[in-house]
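The values are calculated or read from the model by the stated rules, or taken from the named source; none is laboratory data. Small disclaimer: the values here were computed from a predicted structure and weren't measured. So basically every Cβ, Gly included, is an ideal-geometry build from the backbone, and we count neighbours across all protein chains shown.
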Amino acid sequence: MADAVTTQTISDTSGVKSVVKMTNISDGTGETLVTKMDASALNGMSEDATKKVSKIWYSVNTTNGKSGVELLWAGSGSSAANKTICILSGNGFWDLKTAGNEIANNSTLTANTSPAGDILLSTKGFVSGDNYSLIVEVR
């Protein structure tokens with residue numbers, strides 16, 4: 001069996017933004033470095049380090065308080081080139097654009113010189129019944 005996951009594009013406007021909703025109901029197998037926002041498939045993203053995470057709505061429900069969801073900027077090289085955007089647990093909303101603290105793609109800070117521009121997701125410590133719903137806006 002596998003986790004029941006969905007990814008839905010809510011908004012995708014070239015030169016403006018991409019917004020994607022992601023869900024998971026886990027059977028305990030979890031997700032590891034799964035591409036959730038593919039820059040080559042979205043009009044509002046680009047395959048470089050120019051885009052930023054602007055807003056995140058999240059609901060991460062786990063039985064273990066140390067479990068959560070990690071979002072990462074994908075590097076084009078090995079998995080070591082990936083850089084963590086954030087680790088989420090609980091429920092909340094981050095409006096990083098209004099605060100002026102958008103999360104830039106920092107996957108270029110290693111030997112990796114050509115980031116993929118994709119956003120990856122990994123679940124941490126998920127067991128059967130744990131779940132998440134995320135909406136991520138990139139500008």
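Give all pairs with beta carbons closer than 8 Å in which a residue from segment 67-85 that is closer than 15 Å to M45 by Cβ and at pLDDT 90 or above meets a residue that is among the acidic types (D, E) and surrounded by 22 or more Cβ atoms within 10 Å (Cβ to Cβ); count only pairs at least 6 apart in sequence or on separate chains.
W73/D118; A74/D118
Please enumerate the residues belonging to segment 114-139 that are assigned to a strand (DSSP E or B) and either of a type in the set (S, T, N, Q) or more than 13 Å from Y58 (Cβ to Cβ) (or both).
I119, L120, S122, T123, K124, N131, S133, V138, listed by residue number.
Which condition does W73 not pass, out of (1) more than 20 Å from V16 (Cα to Cα); (2) crowded, with 20+ Cβ neighbours inside 10 Å, if it passes all the others?
The number of the failed condition is (1).
Being among the aliphatic types (A, V, I, L, M) and exposed (fewer than 13 other Cβ atoms within 10 Å of the Cβ) is the filter here, so list the residues in segment 89-108 that pass it.
A99
Restricting to segment 18-53, count the residues that are surrounded by 20 or more Cβ atoms within 10 Å (Cβ to Cβ) and more than 16 Å from A74 (Cα to Cα).
7
Within segment 1-31, track down each residue that is polar (S, T, N, Q) and closer than 13 Å to I135 by Cβ.
Selection gives T6, T7, Q8, T9, S11, S18, T23.
I'm trying to understand the selection: among the residues of segment 90-122, which are out of contact with any Pro (no Cβ under 6 Å at 6 or more places or on another chain), among the polar types (S, T, N, Q) and modelled with pLDDT of 80 or more?
N91, T98, N101, S122
Right, M22: within 22 Å of N101 (Cα to Cα) and of a type in the set (A, V, I, L, M) or not?
no
If Y58 passes every condition in (1) modelled with pLDDT of 95 or more; (2) more than 15 Å from M22 (Cα to Cα) but one, which one does it miss?
Of the numbered conditions (1) modelled with pLDDT of 95 or more; (2) more than 15 Å from M22 (Cα to Cα), the odd one out for Y58 is (2).
Only one of these is among the basic types (K, R), within 23 Å of R139 (Cβ to Cβ), touching a residue at least 40 places away in the same chain (Cβ under 8 Å) and not in a strand (DSSP E or B): K21, K36, K97, K55. Name it.
From the options K21, K36, K97, K55, the qualifying one is K97.
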